[in-house]
Amino acid sequence: MSAVSKVVLRALTLYTPKIKSNLAFDNSSFTVEKAEADNFPIASYSHFPVIITESGIPWPPANLYLLSKLEHIKTPSPKTLESIANDLVTFKRFLDTEEISHDFFPKRRINRPTYRFRAYLVEEIRNKNIATSTAKRKMSSIIGFYRWLLKQPTFQPEYPPWNESERFITFHDNFGFTQSKSVIKTDLSLRVQEQYETDGINDGGKLKPLTKPEQRSLAIALNACGNIEMTLIFLIALTSGARIQSVCTIRRGDLSLSNIYMGLCIVHAGNSTLVETKFNKRMTIFIPLWVMEKLITYAQSPRAINRKANSPHYKDDEQSQYLFLTKSGKPYYISEKDPQIASYRSPPRGDAIRQFIKTTLSTELQKIGHDFKFRFHDLRATFGLNLIEQFTDNLEQGDISRFDLLMLVRERMGHQKLETTEGYLNYRVKNKNLTQAQNNYENFLRELADNA
């Protein structure tokens with residue numbers, strides 16, 4: 001396989017170089033001045049990915065495309081840019097293996113690099129080497145790459161990278177009304193389906209809620225592991241539906257029993273706060289009072305205080321310090337706003353939690369004879385379905401309307417689109433055999449916490 005790789009620049013300074021020549025007799029000397037780059041809204045960027053070819057040199061079109069992403073007012077997060085870079089690495093390795101150039105577009109469509117890459121992804125899906133969702137993302141990244149190339153004067157393919165068509169799609173707006181809009185589709189779309197994706201809930205990826213027996217086994221396994229940080233991290237996700245970046249970037253200053261709304265503690269996230277959210281969207285995380293009490297107790301424990309003392313982050317600002325830290329004092333998921341993020345070669349992005357699930361937690365689940373596969377993000381879907389189960393009787397008896405339940409779930413989970421919330425209700429209708437009506441939701445979750 002091609003040795004194409006990706007390297008990451010911890011800190012990329014963005015400027016326009018101006019070269020000045022100083023002539024002295026027969027010798028020439030040059031000086032370079034750094035002028036402000038007018039086409040970039042930022043002066044620097046942390047952890048910028050660079051794609052290196054098999055020859056050990058940067059791949060110009062891909063790196064210029066990644067650089068162009070920083071020209072927008074809303075710059076992408078390093079995680080997003082890294083994902084695109086990884087897809088471009090996959091594409092470049094494919095090109096090298098097939099011995100074709102990215103700009104070679106012959107008359108026969110199947111020989112064009114875009115169509116050949118699509119055929120490669122379809123085969124990878126069929127061989128179960130890659131998930132359909134991953135393949136779709138990779139194809140989308142390559143389409144974005146070529147859309148940018150088509151705007152460059154140096155790229156003039158003899159034949160188009162794909163064929164486009166206009167389609168009209170229907171969707172529900174934020175108020176639940178049916179709307180339609182036109183979208184441009186290419187014939188590079190991947191239509192291969194996987195059973196997991198069909199059965200899942202579409203909420204920032206295909207999620208599969210844990211059944212009640214799986215949740216009970218998870219609580220028992222967490223208790224056996226004896227890792228209090230992991231137990232609390234999982235408990236927050238199960239009782240609030242917060243994503244991993246939000247749970248792990250909760251700060252000590254967010255712990256309060258005074259900011260209450262309908263019996264739930266409020267933690268503000270996204271935008272100008274220090275708690276991370278997807279796309280930095282402003283939202284509110286609702287945490288049950290009894291869970292917040294456990295978090296406050298943990299924050300005052302010798303274990304948590306020792307970890308805080310070992311942390312190089314926010315030494316003089318305890319309120320901004322992460323609640324959850326590793327033994328060495330590093331966050332499990334570092335915030336993009338952290339002043340020390342550039343000091344990390346590979347910033348923590350929840351990998352320790354995923355590894356914990358894959359090894360430690362999986363081992364304990366095997367011991368109790370209930371080994372099942374899940375991702376941390378599935379806990380978000382689990383919360384959503386648990387929340388719906390809480391109001392099952394009210395919905396069936398007519399005490400609450402379907403729309404009111406949608407609004408409630410949407411608010412608790414911070415959904416922007418109502419159709420995302422509808423996916424939870426539709427999932428429950430299709431999979432009633434996977435869940436049981438839980439009349440006392442809070443008692444069930446307390447039972448999980450007590451077992452953990």
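The values are calculated or read from the model by the stated rules, or taken from the named source; none is laboratory data. The structure displayed is predicted, hence computed values, not measured ones. Cβ placement follows ideal geometry from the backbone for every residue including glycine, while neighbour counts extend to all protein chains displayed. Note: areas computed on protein heavy atoms with side chains; ligands, DNA, RNA excluded. Shrake-Rupley method; radii C 1.70, N 1.55, O 1.52, S 1.80 Å.
Some values worked out for this structure:
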| item | result |
| --- | --- |
| Residue selected from the stretch 1-46 under the condition among the polar types (S, T, N, Q) and outside any strand (DSSP E or B), by the criterion modelled with the highest pLDDT | Asn39 |
| Selection count where residues are surrounded by fewer than 20 Cβ atoms within 10 Å (Cβ to Cβ), in a helix (DSSP H, G or I) and not polar (S, T, N, Q), scope the stretch 62-80 | 7 |
| Qualifying residue in the stretch 123-130 (condition: touching a residue at least 40 places away in the same chain (Cβ under 8 Å) and within 26 Å of the chain's Cα centre (by Cα)) | yes |
| Criterion violated by Phe286 - all others in (1) open to solvent by less than 60 Å² (accessible area, probe 1.4 Å); (2) assigned to a loop (DSSP other than H, G, I, E, B) satisfied | (2) |
| Residue under evaluation Ser141, criteria (1) more than 20 Å from the chain's Cα centre (by Cα); (2) at pLDDT 95 or above, criterion not met | (1) |
| Per-region count, the stretch 179-230, residues of a type in the set (Lys, Arg), at pLDDT 75 or above and open to solvent by 50 Å² or more (accessible area, probe 1.4 Å) | 4 |
| Asn86 under 21 Å from the mean Cα position of the chain (by Cα) and surrounded by fewer than 19 Cβ atoms within 10 Å (Cβ to Cβ) | yes |
| Qualifying residue in the stretch 250-265 (condition: in a helix (DSSP H, G or I) and of a type in the set (A, V, I, L, M)) | no |
| Leading residue by the ranking (farthest from the chain's Cα centre (by Cα)) among those in the stretch 272-284 that are at pLDDT 95 or above and of a type in the set (A, V, I, L, M, F, W, C) | Leu274 |
| Residue list for the stretch 29-52, restricted to those being β-branched (Val, Ile, Thr) and buried (at least 17 other Cβ atoms within 10 Å of the Cβ) | Val50, Ile51, Ile52 |
| Test: Asn426 is at pLDDT below 65 and more than 13 Å from Asn386 (Cα to Cα) | no |
| Enumeration of residues in the stretch 109-123 that are over 14 Å from Asp87 (Cα atoms) and in a helix (DSSP H, G or I) | Arg109, Ile110, Asn111, Pro113, Tyr115, Arg116, Ala119, Val122, Glu123 |
| Residues satisfying the stated conditions in the stretch 339-390, i.e. under 21 Å from Pro209 (Cα atoms), not in a helix (DSSP H, G or I) and not hydrophobic (A, V, I, L, M, F, W, C) | Gly350, Gly369, His370, Asp371, Lys373, Arg375, His377 |
| Filter pass, Leu323 being among the hydrophobic types (A, V, I, L, M, F, W, C) and either farther than 22 Å from His268 by Cα or within 25 Å of the chain's Cα centre (by Cα) (or both) | yes |
| Residue under evaluation Asn129, criteria (1) closer than 30 Å to Lys208 by Cα; (2) in a helix (DSSP H, G or I); (3) at pLDDT below 95, criterion not met | (2) |
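Per-residue answers, yes or no, for (1) among the small types (Gly, Ala, Ser); (2) open to solvent by less than 10 Å² (accessible area, probe 1.4 Å); (3) over 19 Å from the mean Cα position of the chain (by Cα):
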| site | (1), (2), (3) |
| --- | --- |
| Pro302 | no, no, yes |
| Asn306 | no, no, yes |
| Ser311 | yes, yes, yes |
| Gln319 | no, no, yes |
| Pro331 | no, yes, no |
| Lys337 | no, no, no |
| Ala342 | yes, no, yes |
| Ile357 | no, no, no |
| His370 | no, no, yes |
